[in-house]
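Report on one structure; see the data block that follows.
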Amino acid sequence: QTIYLKDYTPPSFEVLSIDLSIQVFDDHTLVHSKLVMQRLTSGDLILCGRDLELLNISLNGNALTPQDYEIDPEQLIIKNAPDQAEFAISVKIHPESNTQLEGLYQAGNLFVTQNEPEGFRKITFFPDRPDILTVFTTRIEADKKYPTLLANGNLVEKGELSDNRHFAVWHDPTKKPSYLFAAVIGDLAVLKDSFTTMEGRHVSLEIYALAQDLPKCHVAMQALKDSMKWDEDVYGRPYDLDNYMIVAVSQFNMGAMENKGLNIFNTVCVLADPEVTTDPAMFYVKSTIAHEYFHNWTGNRITCRDWFQLCLKEGFTVFRDQSFSTTLQSPAVQRIDDVSSLKSVQFAEDAGPLSHPPRPDHFVEINNFYTATVYDKGAEIARMMANLLGPEKFRQGTDEYFRRHDGQAVTVEDLVDSLSDGSGVDLRNFLPWYSQPGTPCVKGRGSYDADAKTYTLTLSQSTAKRHNYPEPQPLPIPVGVALFDKETGEQLTLNSTVLKQSEVAENNIKDGIFVLDQAEQTVVFEQVNAEPVVSLLRNFSAPVLLDFDYSDEDLAFLLEHETNGFNQWQAAQMLLERVLLQDHNPAVYLNAIAKALPQVAKDDALLATRLLDIPSENYLASRIDQEYDPAVVHQKRDAVLNALADRLKDYWADAYQSLPIVEFKDNSVEMGKRAYRNMVLGFAIRAGVEGALDWASEQYDNAVCMTERLGALRHLVWNKANNAQDKLDDFYKRFKHEDLALDQWFAVQAGNPQGSVQVARELMEHPEFDWGTPNRIRSVTGNFSGNPVLVWTTEGMQFYTEIAKRLDQQNPVLGSRILQFLSRWYTLKEPLRSEAKNILQGLKGEVNSTSVCETLNNVL
Ligand code: ARG
Ligand code: ZN
């Protein structure tokens with residue numbers, strides 16, 4: 001059943017308050033609720049409910065019988081309900097056998113909730129939609145073997161009961177939608193700290209985890225305090241409750257969840273310790289902590305009217321966490337990492353059958369829309385608007401947003417209206433970005449007139465039309481522009497006129513950003529005294545593809561002369577795409593990188609690792625729409641890597657030797673050195689530098705942190721070193737009791753380009769493999785997917801469809817995601833293409849969940 005944005009209707013009843021009582025027993029849980037509802041408009045009273053055993057229900061003191069309501073597997077409807085309706089409802093649920101990880105579920109010795117988007121209806125009957133906000137009071141009761149009893153808000157009462165049981169009552173003073181409700185029942189240790197807000201509020205900070213994991217919570221705690229301070233400094237947003245709790249759970253479908261005052265985190269997003277956590281993983285912990293914290297304002301205090309507006313909170317919050325992360329490493333590297341993931345995941349998604357706008361206009365299962373498009377393209381839209389306004393006006397705009405809408409459930413239009421009115425700059429022309437799918441392509445050419453001293457730049461935009469969507473319209477595309485003197489490499493000052501193409505556009509180029517908002521526009525730069533090279537889309541000023549008539553030499557020039565690392569990286573990527581997708585000669589790229597690299601490595605080792613990025617096989621595949629041959633792409637990419645390795649053979653050897661292992665420090669300089677050391681080692685091995693594999697073994701043995709140990713292990717395993725198995729066994733023994741490290745043991749083997757479907761299957765038969773832990777499943781399926789040559793084989797495709805089928809019942813949200821790996825099957829060359837189609841078609845009729853079925857239907 002498809003749900004449409006255009007069908008949105010406001011609720012007919014509001015909920016003034018809910019009193020919830022959750023009684024946990026070993027083989028079932030009872031949930032009693034008291035709901036005080038009041039009519040807003042005419043219409044039926046609808047309570048959502050799924051997989052609930054209704055024990056009794058009364059309305060205004062009178063027990064209801066089945067004649068009094070209509071009930072189906074999704075909802076309970078009361079026609080002609082009185083305007084004031086007070087319900088008492090009791091249901092029985094089974095968290096102990098809930099494998100879907102939605103609603104209340106048991107994970108090991110812990111009971112936790114995941115209610116976004118529609119999990120609360122699996123806990124009790126409730127109008128489970130984000131535009132119904134209410135005050136929650138929660139009583140939790142359980143056996144004393146579970147000493148930890150948590151819910152949102154403040155603890156108001158706790159006590160002992162007979163039968164070795166106890167209870168706690170929590171009251172959350174802030175109104176919130178049901179998807180932000182959380183409860184935790186378990187036996188957890190807690191790390192405590194505190195933060196005093198700019199308003200002088202003393203907030204107690206608590207991170208709950210298994211006792212053995214408590215030492216790994218300090219990084220997250222510091223990140224939380226840093227985030228709280230950052231949101232005050234940059235957005236003027238203080239925290240609003242007296243406590244902030246975070247709970248770590250190892251079985252979790254996503255990264256983390258921003259439940260009001262009680263975040264629930266996948267362990268991989270909260271636990272960090274250099275011994276068991278790599279630097280990128282530790283970085284991810286910090287940015288996820290920030291992300292969930294920032295939701296308190298963008299998501300919780302101001303939430304979404306309906307789930308179509310998901311990117312209102314997610315896009316904006318991702319933009320906020322990216323901005324925060326920029327304070328933790330160089331802005332260039334941060335931007336490279338964000339853009340790199342946008343291009344490899346979101347562009348790929350938008351180029352295939354699962355393409356959708358950041359604000360979709362229809363869906364079957366909203367769980368399928370927690371996508372790169374909603375999150376990351378959503379963040380790019382927020383970023384474009386923020387960049388156009390500049391920090392001061394953007395702050396005026398966000399201040400206005402918080403002033404107008406605090407406590408409300410709103411839409412994307414409300415955000416853009418507030419930003420416009422608050423800043424005095426009308427940004428409403430950005431709204432179509434939210435509703436148009438596909439990645440726009442900006443094409444362009446430039447020419448220099450030496451006599452007139454003008455440089456004329458013509459840019460045009462186009463977006464492929466998508467089935468079921470209207471003809472794409474031109475969007476406002478901010479194009480970052482700079483001119484460089486071709487002789488000297490100096491940056492030139494801009495002096496320009498925009499030739500009018502229509503009534504609409506006469507924007508002069510302010511601060512080096514030109515807003516392309518027509519199908520085609522021309523800009524003339526004046527007083528350009530020497531022939532320039534133009535740099536476009538600086539800092540990735542818009543989420544678009546760029547196809548400019550650069551010569552390879554122009555791009556090499558930009559790689560050398562651009563003034564910031566992001567733009568250098570972008571030039572390198574463009575050159576590489578030409579080599580890899582259009583068979584350009586790699587010589588220009590190799591010369592340019594060889595020239596630029598040593599200096600960059602001295603200044604910023606982390607940036608140097610990024611400059612050495614070669615676009616992934618999956619990204620390259622996303623740019624190929626037909627006759628895709630995974631083996632050919634792999635071989636071309638491999639050839640570039642080999643050529644790069646050979647070209648700088650001596651450099652790799654020297655660079656590796658000059659980077660000794662030193663004491664672990666968590667800062668971006670040391671992180672850069674560790675990353676660069678691993679990368680250089682990989683190239684040294686590839687180049688056949690004598691002894692390089694021994695260096696890897698030594699690095700493995702002498703490692704002081706996981707980044708070093710895992711980096712070395714990966715090189716040994718992926719290069720089939722003689723001692724690879726020994727080191728794998730050693731790693732296993734060392735980290736057998738550290739789930740997140742053991743995930744890496746699975747990942748290294750599953751992601752091995754020299755591996756096979758058989759290897760991946762065997763990993764899934766391993767005694768430590770666990771179908772109940774998404775992290776473990778992803779460590780195999782996610783890493784295996786990095787090798788399209790293996791995925792796009794009969795066995796590879798069957799491997800994924802079998803997993804999707806298995807998870808269809810057990811955990812459909814995850815099953816659906818795994819199926820997404822196969823979404824671009826139709827681009828394959830024959831006979832693989834037909835085979836892929838058969839295999840996918842074979843899955844039809846074998847799966848039942850709405851999540852998996854919707855994805856399968858879209859993919860086929
Ligand atoms: N709101 C969470 C976050 O981005 C994600 C929760 C998504 N959960 C889900 N079942 N799709 O921080
Ligand atoms: Zn989020």
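Readers should treat all values here as calculations from the given coordinates under stated rules, not as data from a laboratory. Computed from a prediction, not measured in an experiment: that's the story for all the values here. Because the Cβ atoms are built from the backbone with ideal geometry, glycine has one as well, and the counts that use them run over all protein chains shown.
Can you work out the FRET efficiency for the pair Asn591 and Glu690, with r the C-beta to C-beta distance and R0 = 30 Å, to the nearest 0.05?
0.70
With θ set to phi - 60°, apply the Karplus curve 6.51 cos²θ - 1.76 cosθ + 1.60 along the range 395-406 and write out the HN-Hα couplings as whole Hz, x wherever there is a Gly or Pro.
5, 4, x, 6, 4, 5, 4, 5, 5, 6, 10, 3
Using label points projected 7 Å from each Cα along Cα→Cβ, tell me how many nm separate Gln527 and Gln38, to one decimal.
6.6 nm
If you keep only loop residues by DSSP, which GluC sites (Glu not before Pro) in the range 649-748 have at most 10 other Cβ atoms within 10 Å of their Cβ?
Of the GluC sites (Glu not before Pro), the ones in loops of the range 649-748 whose Cβ has at most 10 other Cβ atoms within 10 Å are Glu663, Glu690.
Take the alpha carbon atoms of the range 717-767, find their center, do the same for the range 234-262, and report the distance between the two centers in whole angstrom.
Result: 33 Å between the Cα centres.
Glu160 versus Ala452, label points 7 Å from Cα toward the beta carbon: distance in nm?
9.1 nm
Determine, from the Cβ-Cβ distance of Ala211 and Gln725 and an R0 of 35 Å, the FRET efficiency 1/(1 + (r/R0)^6), rounded to the nearest 0.05.
The value I calculate is 0.55.
For the chain, what is the charge dipole size about the Cα centre, in debye to the nearest 20, if Lys and Arg each add +1 at the Cβ and Asp and Glu each add -1 at the Cβ?
In total the dipole reaches around 280 debye.
May I ask you to compute the full-extension gain from Ile3 to Arg201, defined as 0.36 nm times their residue separation minus their alpha-carbon distance, rounded to one decimal in nm?
67.0 nm
Where the centre of each part is set by its Cα atoms, how far does the range 140-186 sit from the range 803-860, in angstrom?
Their Cα centres are 40 Å away from one another.
Which residue, chosen from Leu558, Val523, Ser541, occupies the Cα position most advanced towards the positive end of the dipole of the range 518-571, where the dipole is computed from +1 (Lys, Arg) and -1 (Asp, Glu) charges on Cβ about the Cα centre?
Ser541
Calculate, for Gln222 and Asp361, the FRET efficiency according to 1/(1 + (r/R0)^6) with r their C-beta to C-beta distance and R0 41 Å; round to the nearest 0.05.
After rounding to 0.05, the efficiency reads 0.50.
Please list the non-local residues whose amide H lies under 5 Å from the amide H of Glu86, H modeled 1.01 Å from N, same-chain partners needing a gap of 5 or more.
Hits under the 5 Å cutoff: Met37, Asn60.
Based on Cβ point charges of +1 for Lys and Arg and -1 for Asp and Glu, what charge dipole magnitude is obtained for the range 596-695 about its Cα centre, in debye rounded to the nearest 20?
The calculated dipole for the range 596-695 is roughly 160 debye.
Where does each of Arg778, Arg674 land when they are ranked from fewest to most other beta-carbon atoms within 10 angstrom?
Arg778, Arg674
Do the sum for the chain: with -39,500 (n - 2.57) for every DSSP H run of n ≥ 4, divided by all residues, what is the mean residue ellipticity at 222 nm, to the nearest 500 deg cm²/dmol?
-12000 deg cm²/dmol
Counting other beta carbons within 10 Å of each residue's own, what order do Thr371, Thr2, Thr411 fall into, fewest first?
So the residues, fewest neighbours to most, are Thr2, Thr411, Thr371.
Apply the Karplus curve 6.51 cos²θ - 1.76 cosθ + 1.60, θ = phi - 60°, to the phi angles in the range 200-214 and return the couplings in whole Hz, x for Gly and Pro.
x, 6, 8, 10, 8, 10, 9, 10, 9, 7, 4, 3, 5, 9, 4
Calculate, in nm to one decimal, what Leu16 and Gln810 gain on full extension: separation in residues at 0.36 nm each, minus their alpha carbon distance.
282.3 nm is the gain from fully extending Leu16 to Gln810.
Considering only DSSP beta bridges where both residues belong to the range 174-269, give the percentage that are antiparallel (nearest 5).
Percentage antiparallel, nearest 5: 50.
Net charge within 14 Å of Leu52 by Cβ-Cβ distance, Lys/Arg positive one each and Asp/Glu negative one each, not counting Leu52 itself?
-3
Report ³J(HN,Hα) in whole Hz for each residue of the range 254-260, in order, from the Karplus equation J = 6.51 cos²θ - 1.76 cosθ + 1.60 where θ = phi - 60°; Gly and Pro get x.
Once rounded to whole Hz, the list reads 10, x, 6, 9, 7, 2, 3.
Around Tyr146, under 14 Å between beta carbons, what's the net of Lys plus Arg minus Asp minus Glu among the other residues?
-3
Could you point to the residue in Val318, Leu328, Ala348 farthest towards the positive end of the range 308-351's charge dipole, with +1 and -1 charges on the Cβ of Lys/Arg and Asp/Glu respectively?
Of the options given, the answer is Leu328.
How would you rank Met254, Met385, going from fewest to most other Cβ atoms within 10 Å of each one's own Cβ?
Listed from fewest to most nearby Cβ atoms, that is Met254, Met385.
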